[in-house]
1. When you look at Val262, is it hydrophobic (A, V, I, L, M, F, W, C), modelled with pLDDT of 70 or more and not in a strand (DSSP E or B), yes or no?
2. Going through segment 117-161 one residue at a time, which ones are touching a Phe, Trp or Tyr at 6+ places or on another chain (Cβ under 7 Å) and of a type in the set (Val, Ile, Thr)?
3. Quick check: is even one residue across segment 187-208 surrounded by fewer than 18 Cβ atoms within 10 Å (Cβ to Cβ) and in contact with a His (Cβ under 6 Å, 6 or more places away or on another chain)?
4. Look at Asp240 and say whether it is in contact with a Phe, Trp or Tyr (Cβ under 8 Å, 6 or more places away or on another chain), touching a residue at least 12 places away in the same chain (Cβ under 8 Å) and not assigned by TED's automatic domain parsing to the domain that holds Leu88.
5. Which residue, of Val25, Val31, is modelled with pLDDT under 90 and over 16 Å from the mean Cα position of the chain (by Cα)?
6. Would it be correct to say that Arg82 is within 20 Å of the chain's Cα centre (by Cα) and part of a helix (DSSP H, G or I)?
7. Among the residues of segment 212-221, is any of a type in the set (Gly, Ala, Ser), within 30 Å of Val31 (Cα to Cα) and touching a residue at least 60 places away in the same chain (Cβ under 8 Å)?
8. Where residues in segment 165-185 are surrounded by fewer than 20 Cβ atoms within 10 Å (Cβ to Cβ) and touching a residue at least 60 places away in the same chain (Cβ under 8 Å), which of them is farthest from His84 (Cα to Cα)?
Amino acid sequence: MATLQSPAHTAVVRASGLTKTYRRVQALRGVDLEVGPGQVVALLGPNGAGKSTLTKVLCGLVRADGGTASVAGAAAGSGPARAHTGYLAELFRFPGWLTATEVLATHQRLARSAAGAAAVAEREQLLAEVGLAQAADVRVETMSKGMQQRLGLAQAMIGRPAVLLLDEPTSALDPAGRHTVREVLARARARGTAVLLNTHLLGEVELLADAVVLIDAGRVVAAGTVAALTQGTGVVIETDQGQVEHRDVARSDVPALVARLVAEGRQVFAVRPHRSTLEDLYLRLVGDRESQR
């Protein structure tokens, strides 16, 4: 079984052999996962693969049937684990009559986070960080979906949690909004926050994630760094007649190949290692589930 692991003494999020069945549907079938501090790990997979179930087990909203899960050294879902966890659900709703400031203030009280002047400062800092500094007094019901999404991210970061569990945090955002979220998560990573990101946006993953876990039918089918998972074979050679992929060429054969092309009168401008993409990996291992429904 493919797994993604961090050194045992550094793992902030850990799942081992997790199983979960809803009636006759096996949502998780022995999932192993570890995320270290300052690491952004992306969960990929088709709808119904088990990504959201895994996220909910880690934050305590769903109880696994088997296996173990921990956050910051405490059992997932326990009080100590929740105290170190920030969570943004895929489908969330804040009361429409509350302003952005009131939403954060409510969650600060629920989290027993900062109070008084420190709470005010935290709210202002969080709204500024997600690009909503000018929307502090705007009611949720008048916000765009993208603004609500960014407010949800600010809510998840209350108290500077050690772990962020984010379920499709950029799904409602335009390119500028996604850029803002990438910057926010990059700063969180720099502070040592562990981030588990459930998303369908492969381009976002390639720009942000340190590692990827691909889940299909409740099982981890691939895991590793983005570079390792997209490492291809062969080279791409750019000549005066265009760009050609040579997939089956070993590294030791590249000089002879270039020499042959030059002897044939080609001008060689660049030689690059061939790389695949996360989309290539996804389609090879998972395929197009939606077209099969």
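1. Working: hydrophobic (A, V, I, L, M, F, W, C): yes; modelled with pLDDT of 70 or more: yes; not in a strand (DSSP E or B): yes.
Answer is yes for this residue.
2. Val140
3. For segment 187-208, residues surrounded by fewer than 18 Cβ atoms within 10 Å (Cβ to Cβ) and in contact with a His (Cβ under 6 Å, 6 or more places away or on another chain): absent.
4. Here the answer is yes, as Asp240 does meet what is asked.
5. On the way: Val31 fails: modelled with pLDDT under 90.
Matching residue, one of Val25, Val31: Val25.
6. yes
7. Looking for residues that are of a type in the set (Gly, Ala, Ser), within 30 Å of Val31 (Cα to Cα) and touching a residue at least 60 places away in the same chain (Cβ under 8 Å), one finds at least one in segment 212-221, hence yes.
8. Ser171
The values are calculated or read from the model by the stated rules, or taken from the named source; none is laboratory data. Note that this is a predicted model, so its numbers are computed, not measured. Note: ideal-geometry Cβ built from the backbone for every residue, glycine included; neighbour counts use all protein chains shown.
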